[in-house]
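Peer 1: What follows is a single structure, and I will ask about it in a moment.
The values are calculated or read from the model by the stated rules, or taken from the named source; none is laboratory data. Just so we're clear, the structure is a prediction, and the values are computed from it rather than from any experiment. In this analysis, Cβ positions are derived from the backbone assuming ideal geometry, glycine residues included, and neighbour counts consider all displayed protein chains.
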Amino acid sequence: MIDGRLRFDNYAVGPANRLAVSAARAVVESPGAVYNPLFICSGSGLGKTHLMAAIGNGLRAQHPGLEVELLSLDDLVDQLNAAVAAGHADAVKRRWQSAGALLLDDVQFLTGRAETQSELLRMLNALQRAGRQIVMTSDRPPREIDDADARLLSRLAGGLTVDIGVPDFEMRVAILRHKCAERQLELPATVLDEIARPPWTNVRELQGALNRVVAQQAIGDVTGPPVDGACREPQVVPAQSEDEFESFLSDVAAAVAESVESWRVQLTECIERWDRAGFRTAMLARVLAQPVAPDVEALDARFAAACERLRAIEEDAVRLNPALAGHPSFRDPDRLADAEALLLHAYAAAEPPPCPDPRFTIDRIVGAPTNLLALRIAATVIDRPGADYNPLVLTGAGGAGKTHLLHAIGNALAARSSPARSWTVACVDVESWTQQLIAAMQTDTVDRWRARYRSCDALLIDDLHLLSGKERAQEELFHLFNAMHDAGKQVVFASALSPSKMTDVAARLRSRLDGGLTVDVGCVPEAERVARHTPVSPGDEAAAPTIDLPATDPIIRPLPGASVVASSEGLVDEFFLDPEKVVTDWPGPDGRIVETVP
């Protein structure tokens, strides 16, 4: 939440921070267009957090429709860890990446957090590509953050780094005047000058000195000479009579009660108003139960923005899928991430990914010693998708049949659909997949494009070796694979090269491939392929080659869904006994191979 009290109009400007303030105002005027990212660094207590909050409040005031996210690095890590534990990591990441401006405080704590650095790098890339504003603060420049990823540092160096120095005397006086105005205090100018005179190293120390003077004012008049000591060292409050002390406490308690009552009444009215509008107000009720008074106006504005976002999401989702009308997620700002996930699933259903080619089926694959292991593994994957071999990488030379087998696995998995469970299988080659990604980037619909594939039950990608040199496609595939694998969904690749030979593919992606099974699909010899497709006259079966093997063979077994019949050798796949499924290849007069189906 952005503190509504921290604004530009109560931020003192001087030589020590003038450049930083100018850059901050430019960001508010044109978010994402200038100084992106803006990196503000200074020592503790010099106003960098105030300036960041002023940017957030300024963005909301000048760009009402802009979603602004402000959080510290520790908050980001805690939210991400909690989301991972709850299985909602993608929804949280999408929320951050969809923000119009991301304001991240205290990034110096990136040290020693390699996974957080990797996630932050991906987030910054997504936000910058979308033209979203990024602002970060730290107590040191980016290059001095220990153990920082070089790629992350290069992204930060591409923006503007500004420093906030120690305030001079005039600036310290200006800060004190702002603080007095906020608290409706009236102190003589000489007193303020006296408080500002010591060379305070940060604003918090200066504010502490003001607090001590104000505390003295509560027990008597404050004049110039006594202030000098009061603002340098904490003072021992002279003993008061019991009556005076009780009166003082009573006055303080009355003032606090009046203040608390005021904000609670205001917040209760907000809750009632949003309840009547049909939205769940648990978020506001939690704040109402807290003992500390919040900025009710800022809280109400943030809640209103979340409700408006929910209305827009519901409108789009219902247009795509009328059955989503009235879903509880669309009425609860606490479930904004769930609502966005529903919308992405609706987009995925409206624009399904490419499916396997129905012409490629298991029963059209010629079995031979060179591909028997691949067929057995395929049968296991079809029988137990996502359980044993995930990912499965099919390799082989051109014409070996790996593409046929890839699509055949996809068709067999899609055939598992039933009235109770629908299977969605995505099957695409790398070139088409990359072109879809480029088109999504051009139209700023990458989230929808990702949802098309993440919502599938199985992912099959052909020509994996063509990922070489496609850095963004590799990055997207890495995260897509992680999402599919973590959800227990089957992933199958086909490639002309084994993973170990794809040296131009990122090591982290190759390591994921190595965690599965790579199996070679060998070419079936031409003579054997033709012989197995040659019709045999009745009575001559004994002289013809056969690929019918006993079902007890450790390598060959009927594929799921296949019909089997008994023979003298045991159970045999009925497909091989059906003459209508025999395909004959023979050379024509012009030298071309002709395929004939009886």
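Peer 1: Among the residues of segment 488-504, which ones are surrounded by 15 or more Cβ atoms within 10 Å (Cβ to Cβ) and in a loop (DSSP other than H, G, I, E, B)?
Peer 2: K489, A496, L497, S498, M502, listed by residue number.
Peer 1: Also, I was wondering about something else. Pick from segment 42-62 the residues that are aliphatic (A, V, I, L, M) and closer than 21 Å to T201 by Cβ: which of them is modelled with the lowest pLDDT?
Peer 2: L46
Peer 1: What number of residues within segment 154-174 satisfy the criterion of being under 15 Å from W200 (Cβ atoms) and part of a strand (DSSP E or B)?
Peer 2: Residues that pass the stated criteria total 1.
Peer 1: Could you identify the single residue in V77, V92, V84 that is aliphatic (A, V, I, L, M), in a helix (DSSP H, G or I), in contact with a Leu (Cβ under 8 Å, 6 or more places away or on another chain) and modelled with pLDDT under 85?
Peer 2: V92
Peer 1: Take segment 182-211 and flag every residue that is at pLDDT 80 or above and either under 42 Å from the mean Cα position of the chain (by Cα) or of a type in the set (S, T, N, Q) (or both).
Peer 2: T190 - this is the single residue of segment 182-211 that is at pLDDT 80 or above and either under 42 Å from the mean Cα position of the chain (by Cα) or of a type in the set (S, T, N, Q) (or both).
Peer 1: Looking only at segment 408-416, decide whether some residue is surrounded by fewer than 18 Cβ atoms within 10 Å (Cβ to Cβ) and either more than 30 Å from E69 (Cα to Cα) or not assigned by TED's automatic domain parsing to the domain that holds A89 (or both).
Peer 2: yes
Peer 1: So L480 passes all but one of these: (1) aliphatic (A, V, I, L, M); (2) more than 29 Å from R384 (Cα to Cα); (3) without any contact (Cβ under 8 Å) to a residue 60 or more places away in the chain. Which condition number does it fail?
Peer 2: Unmet condition: (2).
Peer 1: May I pose another question? Name, by its number, the condition in (1) over 25 Å from C307 (Cα atoms); (2) in a helix (DSSP H, G or I); (3) not polar (S, T, N, Q) that does not hold for V34.
Peer 2: (2)
Peer 1: Just to be sure I understand, how many residues within segment 15-28 are surrounded by fewer than 18 Cβ atoms within 10 Å (Cβ to Cβ) and touching a residue at least 40 places away in the same chain (Cβ under 8 Å)?
Peer 2: Qualifying residue count for the region: 2.
Peer 1: Pull up segment 119-155, narrow it to residues that are β-branched (V, I, T) and within 21 Å of the chain's Cα centre (by Cα), then point me to the one that is farthest from T445 (Cα to Cα).
Peer 2: V135
Peer 1: Please determine whether any residue of segment 332-344 is surrounded by fewer than 15 Cβ atoms within 10 Å (Cβ to Cβ), charged (D, E, K, R) and in contact (Cβ under 8 Å) with a residue 12 or more places away in the chain.
Peer 2: yes
Peer 1: Give me the pairs, please: first residue somewhere in segment 121-135 and not assigned by TED's automatic domain parsing to the domain that holds D444, second residue anywhere and of a type in the set (F, W, Y), beta-carbon distance under 7 Å, and either six or more positions apart or on two chains.
Peer 2: Cβ pairs passing all conditions: M123/W96.
Peer 1: Assess whether A101 counts as being touching an Asp or Glu at 6+ places or on another chain (Cβ under 9 Å), surrounded by 18 or more Cβ atoms within 10 Å (Cβ to Cβ), touching a residue at least 40 places away in the same chain (Cβ under 8 Å) and within 16 Å of N482 (Cβ to Cβ).
Peer 2: The answer is no for A101.
Peer 1: Looking only at residues in segment 483-504 that are without any contact (Cβ under 8 Å) to a residue 40 or more places away in the chain and of a type in the set (A, V, I, L, M), which one is farthest from I382 (Cα to Cα)?
Peer 2: Residue satisfying both the conditions and the ranking: M502.
Peer 1: Please enumerate the residues belonging to segment 175-196 that are part of a helix (DSSP H, G or I) and acidic (D, E).
Peer 2: E182, D193, E194 - these are the residues of segment 175-196 that are part of a helix (DSSP H, G or I) and acidic (D, E).
Peer 1: If a residue must be among the hydrophobic types (A, V, I, L, M, F, W, C) and either modelled with pLDDT of 90 or more or not assigned by TED's automatic domain parsing to the domain that holds D275 (or both), how many such residues does segment 331-347 contain?
Peer 2: The number of residues fulfilling the criteria is 0.
Peer 1: Then there is this: Among the residues of segment 470-515, which ones are small (G, A, S) and over 25 Å from the mean Cα position of the chain (by Cα)?
Peer 2: A494, S495, A496, S498, S500
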